[in-house]
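One structure is given below, encoded as structure tokens.
The values are calculated or read from the model by the stated rules, or taken from the named source; none is laboratory data. From a predicted model like this one, the values you see are computed outputs, not experimental measurements. With ideal geometry, Cβ positions are generated from the backbone for all residues, glycine too; neighbour counts draw on all protein chains shown.
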Amino acid sequence: MNLWLEMFQLWTLAESDLLSENIPYRLRDTGQGLNRVQAAPKTSRMMHSILNKAQRSVGTWIGSSVIHMGDHNVPNALLFIDKYTQIYRILLPICNTISQIPGLAQKPALKTYIDEEFGSVENLVKEILGDFFRHGFDGSGADNFFDAGSCIDGRLTSAWNWCSSLEKKRYFHVFLLTG
Amino acid sequence: MLNFSCVKPIKTVYSVLEEHGAVDLLRDDLITMATKEIYSENRTRRDVQKEIKSKERAIERLAAAYARDGLSQEQVRQCIYSIGDNHAFLRANRDPCEKMIKYLKQYFHPTQAKDPLSSLAIRSGKGGARLSHDHSKQYAYVLQSLTLWREILHGMSIPTPCTLSCS
């Protein structure tokens with residue numbers, strides 16, 4: 001029985017937080033439009049336990065471990081869920097491109113292009129990944145340290161910000177070539 | 001205010017099955033086959049076709065076995081598809097996190113960065129960065145962020161049927 005209560009845990013908790021009759025909400029302009037600002041104690045608790053688990057699995061923790069919820073950054077549980085369901089939109093295209101680069105390099109003309117522009121296939125992959133790992137996680141994407149920086153959802157903000165600058169990178173053509 | 005409530009409990013696979021005493025469906029050995037995702041990467045068309053066939057057969061057999069008064073075969077099928085959707089969700093959402101973690105470990109060393117290409121160091125103010133981390137610190141920072149995302153996305157979905165039927 002308990003097994004199925006665990007199902008879609010975060011979704012279920014988020015829903016019960018949003019619909020809770022005990023948690024009042026306020027409609028406020030958060031700087032990102034008019035939002036329902038509502039605390040989400042259940043989702044928050046679950047999130048802290050997930051964070052705890054992740055912290056234990058990697059040993060040391062770097063940066064802030066603040067989880068925004070029910071404030072002007074993450075107004076309510078629905079927006080929280082929405083933020084995290086975007087992750088695959090960021091990571092999937094990068095994974096696809098990386099996995100298709102070896103296939104691309106089998107065409108002589110493209111191999112020449114990659115070798116001349118980036119040195120080698122390996123270097124190209126390293127350049128893309130290195131840039132993402134550096135600047136997808138560099139605290140950028142908001143106007144002050146508290147809002148972006150290293151807090152838990154600020155990490156997401158930086159990754160998002162990286163994507164928006166993708167077309168200015170010199171390896172953007174490789175992304176186009178791999179679809 | 002409205003004299004009625006707009007809130008109605010969610011219908012889950014479990015609540016539907018429980019209502020009709022068909023919870024054993026979840027413990028059936030065939031459920032793994034019936035809900036698993038079929039990958040086409042690096043596989044021949046014949047292999048994939050074969051797997052699709054056996055998946056369909058498993059779904060049909062389960063639908064026939066667990067349908068009863070008030071619970072049609074179609075509803076059982078819908079429950080099975082629903083569980084399958086969850087696997088698809090995991091694949092699309094959580095797996096890229098895992099892949100990224102794999103790439104990070106494959107292409108970069110946790111502490112050593114011999115050349116600029118292998119270094120993940122960032123400096124506040126450079127390239128839009130707001131944080132200053134040396135290579136090993138940034139490596140750990142990225143690794144822990146990706147690990148956290150994986151855990152969150154996993155928390156958004158159900159445990160695999162295996163853990164379900166074992167416990």
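Quick notes on this one:
- When residue A:31 is tested against (1) more than 14 Å from chain B (Cβ to nearest Cβ); (2) surrounded by 18 or more Cβ atoms within 10 Å (Cβ to Cβ); (3) among the small types (Gly, Ala, Ser), exactly one condition is not met: (2).
- Within region B:2-19, not a single residue is farther than 27 Å from residue A:19 by Cβ and among the charged types (D, E, K, R).
- Hey, residue A:13 over 30 Å from residue A:140 (Cβ atoms) and within 12 Å of another protein chain (Cβ to nearest Cβ) or not: yes
- Scanning region A:171-178 for residues that are more than 11 Å from every other protein chain (Cβ to nearest Cβ), free of Cβ contacts under 8 Å to residues at least 60 places away in the same chain and outside any helix (DSSP H, G or I) turns up at least one hit.
- Cβ-Cβ contacts under 6 Å between residues 6 or more apart (or on different chains), taken from a first residue in region A:60-80 that is closer than 10 Å to residue A:37 by Cβ to a second residue that is of a type in the set (Val, Ile, Thr), are listed as A:72/A:30; A:75/A:30; A:75/A:37.
- The number of residues in region B:93-131 being at pLDDT 85 or above and small (Gly, Ala, Ser) comes to 2.
- Hits in region B:58-72 - residues which are part of a helix (DSSP H, G or I) and touching a Leu at 6+ places or on another chain (Cβ under 9 Å): B:58, B:59, B:61, B:62, B:65, B:66
- Reported count of residues in region A:67-85, each being in a loop (DSSP other than H, G, I, E, B) and surrounded by 15 or more Cβ atoms within 10 Å (Cβ to Cβ), is 8.
- When each of B:153, B:104 is tested for being under 29 Å from residue A:55 (Cα atoms) and touching a residue at least 60 places away in the same chain (Cβ under 8 Å), the lone residue that passes is B:153.
- The one condition in (1) assigned to a helix (DSSP H, G or I); (2) surrounded by fewer than 17 Cβ atoms within 10 Å (Cβ to Cβ); (3) not small (Gly, Ala, Ser) that residue B:112 fails to fulfil: (1)
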